[in-house]
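A.B. asks: Here it is, the structure in full.
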Amino acid sequence: MLQSLADEKAAIRFVQIGSNDASTGDPIIEFVQSYGWQGVLVEPVPYVFERLRRRFAANPRLKLENLAIGSHTGQRPFFCLEPLERPPSRYYDQLGSFSRAHIEKHERYLPGVSAHIREIQVSCTTLTELLKKHDFRQLDLLQVDAEGADFEVLSSLDFDYCTPLLVLFEYGHLIRTEREQCVLFLQARGYRLLYEGRDCLAMHREAGKHWPRTALAFESLSPDV
């Protein structure tokens, strides 16, 4: 779907929440770099953000924000893993979350990881305020990887202010009730949903007016399953 989008429209405008340093497992960075996409990358953990800054600060198409996105603006406690010279997994520093329990549940895959959890204070704002700051009234793609806070991020957006045509978010870490709420929330705002593994791609009903080939590709993949 992302390749279809990149082939059909130049200069996609995007926002990515939970960028890490965009080097490992990032679903959109290849397109951002190869197709001239422009947008905002958001990463709350300071030492991870510094790696992101070193990679992309000189790129005029990209704006970087050392923030968390959530339900309200202000300082909030945030849990992350302390930096290690030899982390036990390449995904080690991608587990930052508003929830300590979210990191702790990874003990089964990374024994001893809980001993490296640190609580920090991060600046937090809503998705609506972020878009207003960067004067984004139109958005092609919103991508969210917020380690269990994806629905909180999505529900912090005023869809009357800005309605992204595509929303890609991590579905697998949401608890069951939030999954159900998130599905209803997006469907009520005109989206159809396509699931793949732990991720969900939501396309707005207006997308076909802008990207007819991409919309047809989406329909061919049997959404709403």
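Matching residues to (1) surrounded by 14 or more Cβ atoms within 10 Å (Cβ to Cβ); (2) of a type outside the set (D, E, K, R); (3) at pLDDT 95 or above:
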site	(1), (2), (3)
C80	yes, yes, yes
H106	yes, yes, no
Y109	no, yes, no
C124	yes, yes, yes
R137	no, no, no
E147	yes, no, no
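A.B. asks: Within region 35-63, which residues are at pLDDT below 95 and either acidic (D, E) or in a helix (DSSP H, G or I) (or both)?
C.D. replies: none
A.B. asks: So which residues in region 193-212 are part of a loop (DSSP other than H, G, I, E, B) and either of a type in the set (D, E, K, R) or within 19 Å of E147 (Cβ to Cβ) (or both), if there are any at all?
C.D. replies: The answer is G197, R198, R205, E206.
A.B. asks: Hey, can you tell me all the residues within region 174-196 that are in contact with a helix residue (DSSP H, G or I) (Cβ under 7 Å, 6 or more places away or on another chain) and farther than 23 Å from K209 by Cα?
C.D. replies: If the condition is that a residue be in contact with a helix residue (DSSP H, G or I) (Cβ under 7 Å, 6 or more places away or on another chain) and farther than 23 Å from K209 by Cα, then L174, E178, Q181, C182 are the ones that fit.
A.B. asks: Out of the residues in region 5-28 that are out of contact with any Leu (no Cβ under 9 Å at 6 or more places or on another chain) and in a helix (DSSP H, G or I), which is nearest to D199 (Cα to Cα)?
C.D. replies: The selected residue is A6.
A.B. asks: Further, regarding this structure: Would you mind finding the one in E43, E50, E65 that is over 17 Å from the mean Cα position of the chain (by Cα) and either crowded, with 20+ Cβ neighbours inside 10 Å or within 25 Å of Q121 (Cβ to Cβ) (or both)?
C.D. replies: One residue alone meets the criteria, E50.
A.B. asks: Using the structure shown, decide if H72 is under 30 Å from L165 (Cα atoms) and either touching a residue at least 12 places away in the same chain (Cβ under 8 Å) or not in a strand (DSSP E or B) (or both).
C.D. replies: yes
A.B. asks: Does any residue in region 77-101 that is under 26 Å from C124 (Cβ atoms) and of a type in the set (A, V, I, L, M) come within less than 8 Å, Cβ to Cβ, of a residue that is open to solvent by 30 Å² or more (accessible area, probe 1.4 Å) and in a strand (DSSP E or B) six or more places away or on a different chain, and which pairs are these?
C.D. replies: L81/R118
A.B. asks: When you check L67 against the structure, is it over 19 Å from R13 (Cα atoms) and in contact with a His (Cβ under 6 Å, 6 or more places away or on another chain), yes or no?
C.D. replies: So L67 fails the test.
A.B. asks: Turning to a different aspect of this structure: Please work out which residue is most open to solvent (accessible area, probe 1.4 Å), limiting yourself to region 154-173 and to residues that are in contact with a helix residue (DSSP H, G or I) (Cβ under 6 Å, 6 or more places away or on another chain) and either of a type in the set (V, I, T) or part of a loop (DSSP other than H, G, I, E, B) (or both).
C.D. replies: D158
A.B. asks: Being among the small types (G, A, S) and at pLDDT 95 or above is the filter; apply it to region 182-207 and report the residue that is farthest from L2 (Cα to Cα).
C.D. replies: So, considering only residues that are among the small types (G, A, S) and at pLDDT 95 or above, the one farthest from L2 (Cα to Cα) is A188.
A.B. asks: Testing G18 on (1) buried (at least 19 other Cβ atoms within 10 Å of the Cβ); (2) at pLDDT below 95, one condition comes back false. Which one is that?
C.D. replies: Result: G18 passes all but (2).
A.B. asks: Among the residues of region 137-153, write down those that are free of Cβ contacts under 8 Å to residues at least 40 places away in the same chain and either assigned to a loop (DSSP other than H, G, I, E, B) or among the polar types (S, T, N, Q) (or both).
C.D. replies: R137 - this is the single residue of region 137-153 that is free of Cβ contacts under 8 Å to residues at least 40 places away in the same chain and either assigned to a loop (DSSP other than H, G, I, E, B) or among the polar types (S, T, N, Q) (or both).
The values are calculated or read from the model by the stated rules, or taken from the named source; none is laboratory data. Computed from a predicted structure; not experimentally measured. Heads up, the Cβs are rebuilt from the backbone with ideal geometry, glycines too, and the neighbour counts pull from every protein chain shown. All accessible areas refer to the heavy atoms of the entire protein, side chains included, with ligands and DNA or RNA removed. Shrake-Rupley method; radii C 1.70, N 1.55, O 1.52, S 1.80 Å.
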